[in-house]
């Protein structure tokens, strides 16, 4: 079951789900900023709110698949240390995105984006960026789930 959640060799399940979350959060923050600049308030507030919800749903999938990968890491290794930092920062980012959605919920249908919601979203986005950088280190520095060239088909 764990291998089904993790994905096949060279095709892990975690990265595509993070892509959906990152894209959704990016769109959401852009919509909230556009709203604060007076651009189509009714549309941008609602779009930002629903993009946050999509991001949170994708985050749930990313958490499950990422945890399945995390369970395969050896304790005490630089890989596991980096991965621990990665999920800790991403968990903090998720808390900020949940809070952003909470503060948006009361007024998004009227085009109202509170300054609190925007600030929470921006902090979440900053944390997500740091967490994404750490996730990149898990793959590109430590080689997690990368198939060595010698094992690829056709070589």
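The values are calculated or read from the model by the stated rules, or taken from the named source; none is laboratory data. Note that this is a predicted model, so its numbers are computed, not measured. Every residue, glycine among them, receives a Cβ derived from its backbone with ideal geometry; neighbour counts consider all protein chains shown.
Hey, can you tell me all the residues within the stretch 55-69 that are surrounded by fewer than 17 Cβ atoms within 10 Å (Cβ to Cβ) and within 14 Å of residue 144 (Cβ to Cβ)?
Initially, the stretch 55-69 is screened for residues surrounded by fewer than 17 Cβ atoms within 10 Å (Cβ to Cβ), giving 57, 60, 64, 67.
Passing the criteria: only 67.
Consider residue 62 against the criteria (1) in a helix (DSSP H, G or I); (2) in contact (Cβ under 8 Å) with a residue 40 or more places away in the chain; (3) more than 20 Å from residue 129 (Cα to Cα): it satisfies all of them except one. Which criterion is unmet?
Result: residue 62 passes all but (3).
What number of residues within the stretch 128-149 are farther than 16 Å from residue 82 by Cβ and in contact with a helix residue (DSSP H, G or I) (Cβ under 8 Å, 6 or more places away or on another chain)?
1
Output the residues belonging to the stretch 105-118 that are modelled with pLDDT of 95 or more and either surrounded by 14 or more Cβ atoms within 10 Å (Cβ to Cβ) or under 11 Å from residue 45 (Cα atoms) (or both).
Hits for the stretch 105-118 are 117, 118.
Checking the structure you have, find out if any residue of the stretch 125-133 is out of contact with any strand residue (DSSP E or B) (no Cβ under 7 Å at 6 or more places or on another chain), surrounded by 14 or more Cβ atoms within 10 Å (Cβ to Cβ) and within 16 Å of residue 36 (Cβ to Cβ).
Yes, the stretch 125-133 contains at least one residue that is out of contact with any strand residue (DSSP E or B) (no Cβ under 7 Å at 6 or more places or on another chain), surrounded by 14 or more Cβ atoms within 10 Å (Cβ to Cβ) and within 16 Å of residue 36 (Cβ to Cβ).
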